[in-house]
Every structure is written in structure tokens, then in C-alpha cells.
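The values are calculated or read from the model by the stated rules, or taken from the named source; none is laboratory data. Since we're looking at a predicted model, the values are computed, not measured. Quick reminder, even Gly has a Cβ in these numbers, built from the backbone with ideal geometry, and neighbours come from all protein chains shown. We work out accessible area using only protein heavy atoms, side chains counted, and drop any ligands, DNA or RNA first. Shrake-Rupley method; radii C 1.70, N 1.55, O 1.52, S 1.80 Å.
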Amino acid sequence: MKQLQNTLYILTPETYLFLQNETIAVKVGGVEKVRVPAHTISSIFCFGNVTVSTPLIAFCGQRGISLVFLSEYGRFYGRIQGPVQGNILLRRLQFAALDDLVLSARLARSFLLGKLVNSKEFLLRARRERKEADDCFSPAIQKITAIAGQLRECVSIDSMRGLEGAAAAAYFSALPAMLTADGLRFDGRSRRPPEDPVNALLSFLYTLLKNDVQSALEGVGLDPAAGFLHTLRPGRPALALDLMEELRAPLCDRLAVALINRGQITPKSFEQLTPPVVLTEAGRKTVISAWQKRKQETILHPFLQETIPIGLIAHTQAQLLARVLRGELDDYPPFHWR
């Protein structure tokens, strides 16, 4: 269990939540662990096999406390919400922000600055660990630094997309220097289909991250399709793609490099090494296991200054975005991995 601001996250399997007077009581394995005053909670997120008593469901509906249910892997199942207008009001603000060119540009810039800062941090760390490859890392670091400066002055979202593309090209040009294992090549980023094993691994991890971010947005009541940076298209979770940009390098790329360099992902983890390259079932299980283990580790949130599981980063960022749209924060603070 983790209480973060006014949201209660239930992360332990076989947890039972029930109402005890004006408190939310939590049992695990039949043993009561804690009671949380209901007036301090606005949302409860239940991950995996969590049971909620009927009286507590009714109480939450009456008090405007939303109950959100997700799989143990973070996939959104549904939300129980009482007769309040919080979600529709938030979505109205979100849709209005789409027509506010200044606010849309500010949000898009924040998402991309977060991405560039975290990409640069990853490269700086790699350069410290592999000093012999400085000639690979330093040009990319310098390029990303220069583009970040340009981005801060940019007011056009189309121009921002162009700058992001240039930064991504510089970043991925340095990625091969991080890989120390033999047999897996990386020839630059390719998507549909992935043309080499590293791209297949990255695409799979990005899909896992996208699912987590989309669930986080659903959980706070935002529309995952109404994004600010990515072009709006039917069936495309544009806002989820926006919010995951700052998390690609620290959560996905770092894990991909670690899995390869530790020998957990090898050429045998792929059905074939020529396009289209896809992970085998065993390879996918290895990646998912490592992904879930990684999400259980903790980190100090740089803005909230609270220690949280890595798996809750997407949820905290979704909450912060909602606060910006409500006018409670002036600017969106992207997650800065240190």
C-alpha cells in the first residue's frame, strides 16, 4: 500500500478493503494492516487481486472517492465513480486546452524537455561507465544540449516535433556504443516492423510503457486520446504517447541495454534476426518479468519529494498534468531521472 498525496494505491495481492466507521481499513491475508481516514482520500487505485466490500463501494460513491481497478501489470479495467462531475469537468478543461495554442505549446515543450533531459542523463551515465567510447557519446550529448536550448525558445508545435526528431537521431546514434554483448545489432531506430533485435526489444518495452501511461491517464479521468504533442488520430492514444516521452530513456532504454549486456536477452530470444524481428514467447516473459521487477523498485520523486515505486511514476505524472489543467499548477513538471 502507498498513499501519495490524496490517492491510495493498493499494490499488495490478496488485499481486502472495507469500511470501518469513517476510515478505510486494509487487510492482507486476514490481518488488518492499517486504517486511513476517508476524508484524506479522493481516489483508490487497486492493482491486481484486490477485494473491496460493498459498503465501502457505496461509501466511496457517496463521498466522491473514485475506485480504480487495474491488472497487476497496470492495465486499466474500469472505474467506479459516484454522482460527481469531476471527470467530465476535467475532460472539458483538457479539451479546451487543445484549442489554447499557448497552453498546448507549453505542455508539448515540457514533455519534450523532459525527454531530452532524461536522454542526456542516460548518455552522460553511459559515458562515465565507458570512457573509451567518449567519441560516440559526447557529440550526441552536445547535440541534445543545443536542441534543448532551441526548444525552450520554440513556440510552434510543428517546429518542436522537428527538433525532437533531430535529438532522437543524435541519441540513437550513440546507443550502439552502450551495447557490450555480441550477436545483437542496432542500426538506428526502426518501428514497423522492427528491423533488428534491439529495435524489437525497444518496441516491446515502449508498448508496455504506453499501456501503463494510458491506464494512469484513465485512472485520473483524462482522455488518453486527446494529446498536445502527437497528432490526433482515431484510435491513437495521443496523450499517452505525449506523457511517455519523458519516460522512454530511463524506464525502457536503460532496461533494454541492461537486459542485453547482462545476457538475459540474446539472439535466441528472437524468432528470427531478420525483418520482421519479434521476441519469442520466452523472450517476452523475460522482458515482462524484468519490467515488473523494475517497477517495484523505489525512487525519490523530484517534484513531490516523496519516495515512490517506479511503477507509480506514470500515475504521479498523470495527476500533475491534471493539476495543470485545473489551474492548480502553472507549469507541468516532467519527471527528471537523476
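Remarks
- Dipole check for segment 179-234: with +1 at the C-beta of Lys and Arg, -1 at the C-beta of Asp and Glu, and the Cα centre as origin, the magnitude is about 180 Debye.
- Cα centroid separation, segment 159-196 to segment 118-145 (Å): 14 Å
- Whole-number accessible area per residue in Å² for the chain, which is evaluated in the context of all protein chains at 1.4 Å: 46 Å²
- Taking the 1.4 Å solvent-accessible surface of segment 242-300 as the whole, the part contributed by carbon and sulfur is 53%.
- In segment 88-213, Cα pairs under 8 Å separated by at least six residues give a relative contact order of 20 percent.
- Whole-Hz Karplus values for segment 255-267 come out as 5, 4, 4, 5, 4, 6, 5, 7, x, 7, 10, 10, x Hz, taken residue by residue from phi with 6.51 cos²θ - 1.76 cosθ + 1.60 and θ = phi - 60°; glycine and proline positions read x.
- The chain: angle of helix 101-129 to the longest principal axis, Cα-based, in degrees nearest 10: 60 degrees
- Taking N as its residue count, the alpha carbon Rg of segment 12-94 over 2.2 N^0.38 Å: 1.13
- The helix-based estimate of mean residue ellipticity at 222 nm for the chain, built from -39,500 (n - 2.57) per DSSP H run of four or more residues and divided by its residue count, is -15500 deg cm²/dmol to the nearest 500.
- Dipole magnitude for the chain: computed about the Cα centre from +1 point charges on Lys and Arg Cβ and -1 point charges on Asp and Glu Cβ, it is near 300 debye.
- Between the helical axis of 157-174 and the longest alpha-carbon principal axis of the chain there is an angle of about 60 degrees.
- Accessible carbon and sulfur surface of segment 1-116 relative to its total accessible area, %, 1.4 Å: 55 percent
- Identified option (computed semi-axes √(5λ) of the Cα gyration tensor in Å; candidates [x] 51, 23, 21; [y] 36, 25, 17; [z] 45, 23, 18): [y]
- Compared with the dominant Cα axis of the chain, that is its longest principal axis, helix 134-153 is turned about 50°.
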